[in-house]
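Q: Quick one: the structure is below, questions incoming.
No lab work stands behind these numbers, since they all come straight from the coordinates. As the structure is a prediction and not an experimental result, all values here were calculated from the model. Note that we place each Cβ from the backbone using ideal geometry, even for glycine, and neighbour counts take in every protein chain shown.
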Amino acid sequence: MARDDERDETRLAVALKWEGQGTPTVVAKGEGPVAETIVATAEAAGVAVEENPLLAKALAAVELDRPIPEPLFKAVAEVIAFVLRASGRMK
């Protein structure tokens, strides 16, 4: 997940789904109260939240249930690695 709450009052969050292979897809995105719900849902499920305003904005442009575009692969791979390390599934 990526969220943007440092640049202005409007919060932005994007949730990704990745099943260990293939390309991650955008499964939720929103601003304000919707963003807060996305973040709260992730945290309640034990999913680490990565704060990355630029990536959040880029991912918010991707349609729901669509794979992320190739130019975002490296940045998203870094977020996935962060989440896996935070969950103890990667050292």
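Q: Principal axis lengths of the chain from Cα atoms, whole Å, largest first?
A: 34, 27, 20
Q: Which order do T37, T25, T10 fall in if you start with the one that has the fewest other Cβ atoms within 10 Å?
A: Working: T37 13, T25 17, T10 10.
The order, fewest Cβ neighbours first, is T10, T37, T25.
Q: Taking DSSP loops as anything outside H, G, I, E and B, show the longest stretch in the chain free of GluC sites (Glu not before Pro) there with at most 12 other beta carbons within 10 Å. Intermediate values should be presented prior to the final figure.
A: On the way: sites that count: E6, E9, E19, E63.
Free of exposed loop sites, the longest segment is 20-62.
Q: Calculate the dipole size of the stretch 2-87 relative to its Cα centre from +1 charges on Lys and Arg beta carbons and -1 charges on Asp and Glu beta carbons; express the result in debye to the nearest 20. Provide the component values of the computation, followed by the final result.
A: Numbers: 9 positive and 15 negative charges, 53 e Å.
It comes to approximately 260 debye.
Q: Just grab the label-to-label distance for V47 and L84, each label 7 Å out from Cα along the Cβ direction, in nm (one decimal).
A: 1.7
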